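Working notes, beginning with the structure itself.
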Protein chains: 2
Amino acid sequence: MDQGAVGGAQRGGSGIPGGRRKQRVSMADVAKLAGVSSQTVSRVSNGHASVIGSTREQVLAAMRELGYRPNSAARALRYGQFNTIGVILFSLASTGNSRTVEAIATHAAAEGYAITLIPVDIPTQDNVLGAFTRMGELAVDAVIVIIEIHLLDAGTVTLPPGVHVVVVDSDAGDRYSVVDTDQADGARRAVRHLLDLGHHTVWHVTGPQSSYAGQRRAQAWRAALEDAGRPVPAALHGDWSSESGHAAGLVLAGEPECTAVFAANDQMALGLLRAFHERGRAVPAEVSVVGFDDIPDAGFFIPPLTTVHQDFAEVGRRCVRRVLRQIREGQVAEPGTDLVPVRLVVRESTAPPPTR
Amino acid sequence: MDQGAVGGAQRGGSGIPGGRRKQRVSMADVAKLAGVSSQTVSRVSNGHASVIGSTREQVLAAMRELGYRPNSAARALRYGQFNTIGVILFSLASTGNSRTVEAIATHAAAEGYAITLIPVDIPTQDNVLGAFTRMGELAVDAVIVIIEIHLLDAGTVTLPPGVHVVVVDSDAGDRYSVVDTDQADGARRAVRHLLDLGHHTVWHVTGPQSSYAGQRRAQAWRAALEDAGRPVPAALHGDWSSESGHAAGLVLAGEPECTAVFAANDQMALGLLRAFHERGRAVPAEVSVVGFDDIPDAGFFIPPLTTVHQDFAEVGRRCVRRVLRQIREGQVAEPGTDLVPVRLVVRESTAPPPTR
DNA sequence: CTCTGTCATGTTAACGTAAACTTCTGTGCG
DNA sequence: CGCACAGAAGTTTACGTTAACATGACAGAG
């Protein structure tokens, strides 16, 4: 280094008081104030044992006085790790997503990892790809994808090398590490429950076609009916919203032989209940309704909703566990599907069909 | 573990093909392959103009071949910025929080910022303090706090110096930069609506005491009644959950003179509807109910809920705007409260009181 | 009294990137 | 023909931290 005369932008003059040029306090500053080397500050900062008590106290005092905070960028650079997991998702609006994300965040925090959210407004391929590109530039050790993975597959998306991935809500267990609720089992239980009550068959309001969860619930609904040798009515298509459930309910209310409906989520079930109420079709006396998710409100619908309980917290927990195992063992991929079990919660929206 | 035979973690030999020792590709690697200096790679990476076409192509080809991704830790270290905003929050479970967070994430992404979530399981002081400590160590340029700020004030918490803060749901506008829904106005509108319909007074089911939003809705409810010269019934205390609303509803169903209830959120209103239904009190013929939030499901309750619409997206947008202004202008604090307006959505759960 | 070992602390170097500066090449003009 | 100048690319250095090594002091053993 030549001369400092010019460099106002450089690091700022030394002793000029009040001239707060420097943004952040570094170890060097603490070290100077405490009269030790910056390495000693580092040792104190990281709780190494080999610092004598009096020195430690001095350093801590200096830290406090200057308001020292370690610079995580420098740390990350040094260690090659960020202690952060990225989460790519479409929307937090659905109960399932937000609860899963919350569980992921909680469990990750317990392991010393933070969560970085990358929302994708509209799940087109371009946007998802963009999210991954951004993710690649982001300070992230691994990624959890809560979005339809086929949007990635279809394109020429290559996941950033060296980034570990776990996927939620997907059938891509052959290529990725997938964690998911046991959608098929849930749908099966819902249908069985209704058949066991004596219903001849069960109608279905699906989720959006873009959702694997929705697709699988529909497949399992169909399969359960076929296995029981029952006729399979045409499915009505919803989009998870109570509004779409309501629309479907208005249609179903006009079908006299419809005595049992399985909605692919609780919100659509709410719409169904509303529609049946409007049309004077009593639930459960005339029509039974089963939902999926078991949102906290489901027990307070009119009538309280029989539904399939999903353990979102467990999904989040397993995502974190998988992703951390990948990070720690240094493996890039570890395909396979991890299914989280469900259970049916029977409330008051289901009953035997009306006798005639 | 002092011997290299084991340590694949080190840096790995140079030309050994296939032996992917090195975790990440650096500019130096790209530079070597492209036969240029790493500075040239940097220039290409950042789109500087002063690189001739052929060289640029070579570098890009090398980047592609090696799967180069810039190391954001090094970048952040260099620039002193992370392009990341931290969000401290209690829970994503409530509609309001998750939608606010989503809006924050979306708008931040549009500005090139990512969101890091720091969940606080139980909002004790210690935990919040811990979250802030963690945040201080985190790669974050600013923080948005969606949690009761008094949990911070009461303790000896000093916000990390140099970190910009915006707070949601708080009355701490004198000390912090606060963005919030106009809770008072919303509550006032709800009460006015019911009084205008002819109700003598309005009962209230509150949110949890720890919530400023809840407190302010309750205050404004009381004030609106007093301004109108009406008696103020004792408030019933809820905790945002439909279950607590249900419990309150069972109590209110037993009060014959109760003809109008304002619930501090929609979920508790759902519980109220359920309780009134159980007890055979017709809504709105005998009792009117107003909620707060206007969750998407509210229009499909039985009956569809009259409620105060909150613009969560706008709250998120303003948070991001404020926080970015702070970052860009380099100001640490900028106290003041920014209120987002609300509107009353009248549906079918309100009507004039029964004539007697 | 010297030698060895231990413990507290200091010094050096490296992580990957990019600003600032330096060097090199070729072009146009007097 | 030489010189100034512009443009392209290379070199140096610093960002803040910490592992690895170096230093120095002091204690106990021979």
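The values are calculated or read from the model by the stated rules, or taken from the named source; none is laboratory data. Predicted model only: the values in this text are computed from it and were never measured. Cβ sites come from the backbone with ideal geometry, for glycine too, and all protein chains shown count toward neighbours. These area figures cover heavy atoms from the full protein model, side chains too; ligands, DNA and RNA do not enter into them. Shrake-Rupley method; radii C 1.70, N 1.55, O 1.52, S 1.80 Å.
May I ask you to list the residues of the range A:224-264 whose amide nitrogen lies under 19 Å from a point 7 Å from Cα along the Cα→beta-carbon direction of residue A:196? Output list for this probe position: A:224-230, A:260-263.
The mean number of partner chain beta-carbon atoms within 10 angstrom of a residue's beta-carbon across peptide B:96-104 is 4. Shown for residue B:112: label points 7 Å from Cα along the beta-carbon vector, and their distances to the equivalent points in the other copies, 3.3 nm in ascending order.
Estimated at 0.36 nm per residue, the fully extended path between residue B:285 and residue B:230 surpasses their Cα-Cα distance by 17.6 nm.
Residue separation of residue A:57 and residue A:28 scaled by 0.36 nm, minus their Cα-Cα distance, works out to 8.8 nm of gained length.
Mean separation of Cα pairs under 8 Å and 6 or more residues apart, divided by the residue count, gives the range A:26-103 a relative contact order of 26 percent. Coupling constants for the range B:171-176 follow from the phi torsions by the Karplus curve (6.51 cos²θ - 1.76 cosθ + 1.60, θ = phi - 60°), and in residue order they are 10, 8, x, 6, 10, 10 Hz; glycine and proline get x. Take each residue of peptide A:257-263, count the partner chain Cβ atoms within 10 Å of its Cβ, and average: the result is 0. Shape class for the range A:296-356, computed from the alpha carbon gyration tensor (a ≥ b ≥ c): prolate, with a/c not under 1.5 and a/b above b/c. Compared with its chain on its own, the range A:66-91 contains the following residues whose accessible area drops by 40 Å² or more in the full protein assembly (probe 1.4 Å; ligands, DNA and RNA excluded): A:69, A:72, A:73, A:77, A:82. For residue B:114, the residues whose modelled amide H falls within less than 5 Å of its own, excluding neighbours fewer than 5 places apart on the same chain, are B:84, B:85. What accessible area, summed over both chains, is buried at the B-A interface (1.4 Å probe, Å², nearest 100)? Using a 1.4 Å probe, the pair buries roughly 4400 Å².
When the Cα gyration tensor is reduced to axis lengths a ≥ b ≥ c, the ratio a/c stays below 1.5 for the range B:183-311, which is therefore classed as rounded. Remark: mean inter-chain Cβ contacts per residue of A:289-301 equal 4, using a 10 Å Cβ-Cβ cutoff to other protein chain atoms. Relative to the other identical copies, residue B:345 shows label-point distances of 2.4 nm, where the label point lies 7 Å from Cα along the Cβ direction and values run shortest first.
Working note: Karplus 6.51/-1.76/1.60 with θ = phi - 60° gives the range B:269-276 the couplings 4, 4, x, 4, 4, 4, 5, 4 Hz, where Gly and Pro are set to x. Considering only protein heavy atoms and a 1.4 Å probe, what is the carbon-and-sulfur percentage of the accessible area of the range B:27-70? Solvent-exposed carbon and sulfur of the range B:27-70 make up 52 percent of the total. Each copy carries a label point for residue A:67 at 7 Å from Cα along the beta-carbon vector; from one copy to the others these points are 4.3 nm apart, nearest first.
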